[in-house]
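Encoded as structure tokens, the structure appears first; notes follow it.
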Amino acid sequence: FIAGGPTMTIADLLAYEEIVQASLIGLLPEASDDTAYPNLSRWVRRMEEAPYHKEAHAALTTLGELTDSGANSSTTPTMKRLGGATKAGLKSLQEVMPDDVSSSL
């Protein structure tokens, strides 16, 4: 993907997580902006279509932006949001993992 290939690589996974984290703390809010960075935006959307993306990012989706001024910022205290995000992430993983593995979570 990132190198123009047809399949996702470890480089894609590592770069994607860094970009998502930078977006969450407000360092790269335009990562999904087609006009500012069209290639980056296209790549981010392609990564979001990967199998189990939704499940793997359930905690981050629940947590939302970590900045106070972000468009998705919440009035709920961060520690309370972290607890909810942890629960959402574990629940999502348990739903997609085999029973023998998820019972140990």
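The values are calculated or read from the model by the stated rules, or taken from the named source; none is laboratory data. None of the values given here were measured: they were computed from a predicted structure. Cβ coordinates were reconstructed from backbone atoms using ideal geometry, including for glycine residues, and neighbour counts include every protein chain displayed. Only protein heavy atoms, including side chains, enter the accessible area calculation; ligands, DNA and RNA are left aside. Shrake-Rupley method; radii C 1.70, N 1.55, O 1.52, S 1.80 Å.
Of the residues 89, 70, only one is open to solvent by less than 50 Å² (accessible area, probe 1.4 Å), modelled with pLDDT under 65 and not polar (S, T, N, Q); which?
The conditions single out 70.
Please go through segment 13-33 and give me each residue that is closer than 16 Å to residue 2 by Cβ and of a type in the set (A, V, I, L, M), ordered by number.
Passing the criteria: 13, 14, 15, 19, 20, 22, 28, 31.
Please note which helices (runs of 4 or more DSSP H) are completely contained in segment 1-63 and include at least 3 residues that are under 10 Å from the mean Cα position of the chain (by Cα) and crowded, with 16+ Cβ neighbours inside 10 Å.
10-24, 58-63
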